[in-house]
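Q: Have a look at this one.
The values are calculated or read from the model by the stated rules, or taken from the named source; none is laboratory data. No experiment lies behind these values; they were computed from the predicted model shown. We place every Cβ from the backbone using ideal geometry, glycine too, and count neighbours over all the protein chains shown. Protein only, heavy atoms only, side chains kept; ligands, DNA and RNA dropped before computing areas. Shrake-Rupley method; radii C 1.70, N 1.55, O 1.52, S 1.80 Å.
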Amino acid sequence: MAKSSTVARCAECGHIEPRWMGRCPSCEAWGTLHEQAPVTAVRSARSAHTAMPISDVPRGEHERTPTGLAELDRVLGGGLVGGSVTLIGGEPGAGKSTLLLQASHAIASSGRTVLYVSAEESPSQVRLRADRLGTLSDALLLASVSDLGAVLGLVERHAPALLVLDSIQTVSDDDTAGTAGGLSQVRACAAKLTRIAKARQMSTVLAGHVTKDGQLAGPRVLEHLVDTVCELDGDRHHALRLLRATKNRFGPVGEVGCFEMTGAGLVDVKDAGRLFMGDMLTPTTGVAVTLACEGRRPLACEVQALVADSTLGNPRRTASGLDAQRLNLLVAVLEQRAQMRFTNCDIYASSVGGLRVMEPAVDLALCLALVSSRTNVPLRRDLIALGEVGLAGELRMVAQTERRLAEAGRLGFKAALLPAAYDGPAHSLQLLRAPHLAGALGHCFSTDATSARAATTDRWSDPNA
Ligand code: TYD
Ligand code: MG
């Protein structure tokens with residue numbers, strides 16, 4: 001008979017190793033592996049379950065409860081679905097508790113019972129915030145417990161339509177090993193809550209902390225358990241907060257909601273189209289505009305560059321809100337393919353308003369901003385630039401070009417600089433097409449060629465022409 005040996009299971013992440021080790025190779029925690037008998041799963045075939053043709057399966061109507069915040073509803077796909085579990089992730093200070101308290105209040109005001117469990121803050125701290133936000137309502141019940149059993153007891157007693165748990169990392173379940181916030185605790189708590197939510201048709205919203213690398217605190221491990229995952233994101237130094245749905249079983253993904261953090265909490269931003277722009281009137285050097293797509297929502301975004309003579313042996317290149325690697329690459333392409341010179345120049349590039357634009361659609365606008373700053377020639381302010389720049393200096397189409405152009409037309413821009421491959425509608429814009437970066441620069445800077453050429457010679461000649 002084969003001798004049954006033990007295996008070692010990590011109390012943090014549940015990883016199983018054939019033998020005991022000091023450190024878990026999966027989550028890299030020390031001293032978390034414990035020996036246990038291996039699980040031998042022998043299951044008998046069960047015949048009680050049936051399968052049916054997909055066309056006979058009832059559709060099932062999802063009742064949605066609006067949250068009182070139009071931008072949150074937009075991201076969720078029209079409100080919270082009964083029985084669904086939503087995870088709102090974000091760095092500490094992003095505004096998760098604020099958002100959840102405001103939504104709880106709006107739902108409680110419509111006569112439904114909301115149970116807001118804060119495991120991080122005392123009831124009086126939450127009350128203080130509620131006073132500030134003006135979110136007091138008798139149907140909004142507040143509790144401060146960190147034991148999952150106690151939370152479930154409260155759910156049993158009050159039968160809320162919505163349970164808010166702030167945050168999933170601070171509750172712990174007695175039946176599970178590990179510390180609160182550890183992977184196995186977070187996973188076990190979320191799994192139990194999900195079961196209860198489905199059984200009671202109770203909407204559940206979990207707040208979860210995400211650190212910069214998105215790893216440590218656990219929400220990533222919950223993504224497959226919950227129905228909807230939203231991330232609240234925003235620069236600490238700006239009032240703007242963006243809410244993105246990265247997973248949504250009941251609505252669209254890629255939708256983005258824009259909020260402003262004010263003294264009275266989060267406020268919907270009505271027309272986000274112009275949020276990331278200065279005024280369109282004053283011509284300024286080193287400034288270009290593109291339409292960044294946040295999910296499916298195009299946002300006009302100003303890109304700025306400052307090219308200055310450097311006194312450093314190793315000139316500085318910094319990018320804020322933009323991809324630093326991409327900046328280096330584009331500078332190299334401008335030098336090699338468009339005969340620009342940035343030697344001995346410090347280069348600073350930035351997006352405006354705290355928006356992070358990492359997509360390649362911003363390439364062309366960034367190149368225009370760099371050249372504009374380098375040559376001291378401002379761009380016309382009613383122009384938007386859209387295009388990815390390849391290593392050969394060729395311009396490539398970007399995803400959703402037409403949607404972006406439509407938004408640019410709506411916002412009152414007059415011209416669009418595009419890759420030559422675009423053959424869609426103009427949306428009342430003058431289309432300036434170019435196959436190559438050098439050609440695109442010719443469109444923008446040729447009118448002021450005298451001053452531009454004074455700075456560098458032969459700058460706009462297209463190597464492919
Ligand atoms: P909070 O919702 O506590 O963030 P999280 O739960 O994600 O950690 O609040 C985040 C920040 O927002 C906090 O630094 C204070 C600020 N804030 C306001 O500016 N106005 C307000 O009305 C509130 C409630 C908070
Ligand atoms: Mg909080």
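Q: Considering 164, 186, 171, which residue is within 16 Å of ligand 1 (Cβ to nearest atom), more than 26 Å from residue 263 (Cα to Cα) and under 28 Å from the mean Cα position of the chain (by Cα)?
A: Residue meeting the stated conditions: 171.
Q: Mind counting the residues in segment 219-256 that are hydrophobic (A, V, I, L, M, F, W, C) and closer than 15 Å to residue 297 by Cβ? Can you show your working first?
A: In the first step, residues of segment 219-256 are kept if they are hydrophobic (A, V, I, L, M, F, W, C); the result is 221-222, 225-226, 229-230, 232, 239-240, 242-243, 245, 250, 253, 256.
Keeping just the survivors that are closer than 15 Å to residue 297 by Cβ gives 230, 240, 242-243, 245, 253, 256.
Summing the residues that are hydrophobic (A, V, I, L, M, F, W, C) and closer than 15 Å to residue 297 by Cβ in segment 219-256 gives 7.
Q: Sticking with this structure for a sec: Which numbered condition in (1) within 16 Å of ligand 1 (Cβ to nearest atom); (2) among the aromatic types (Phe, Trp, Tyr); (3) open to solvent by 20 Å² or more (accessible area, probe 1.4 Å) is the only one that residue 259 fails?
A: Among (1) within 16 Å of ligand 1 (Cβ to nearest atom); (2) among the aromatic types (Phe, Trp, Tyr); (3) open to solvent by 20 Å² or more (accessible area, probe 1.4 Å), residue 259 violates only (3).
Residues checked against (1) modelled with pLDDT under 90; (2) more than 16 Å from ligand 1 (Cβ to nearest atom):
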residue	(1), (2)
47	yes, yes
55	yes, yes
61	yes, yes
104	no, no
120	yes, no
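Q: For segment 56-113, enumerate the residues that are more than 16 Å from ligand 2 (Cβ to nearest atom), open to solvent by less than 20 Å² (accessible area, probe 1.4 Å), in a loop (DSSP other than H, G, I, E, B) and touching a residue at least 24 places away in the same chain (Cβ under 8 Å).
A: Across segment 56-113, the qualifying residues are 67, 69, 83, 84.
Q: Could you check segment 391-417 and list, in sequence order, the residues that are closer than 25 Å to residue 271 by Cα, more than 25 Å from the chain's Cα centre (by Cα) and among the aliphatic types (A, V, I, L, M)?
A: 415, 416, 417 - these are the residues of segment 391-417 that are closer than 25 Å to residue 271 by Cα, more than 25 Å from the chain's Cα centre (by Cα) and among the aliphatic types (A, V, I, L, M).
Q: Here's another thing I want to ask about it. Yes or no: segment 115-123 includes at least one residue that is more than 16 Å from ligand 2 (Cβ to nearest atom) and either open to solvent by less than 50 Å² (accessible area, probe 1.4 Å) or not acidic (Asp, Glu) (or both). Even if it seems obvious, please write down each step before you answer.
A: The first filter runs over segment 115-123 and keeps only residues more than 16 Å from ligand 2 (Cβ to nearest atom), leaving 115.
In the following step, the residues that additionally are either open to solvent by less than 50 Å² (accessible area, probe 1.4 Å) or not acidic (Asp, Glu) (or both) were identified as 115.
The answer is yes; a qualifying residue exists.
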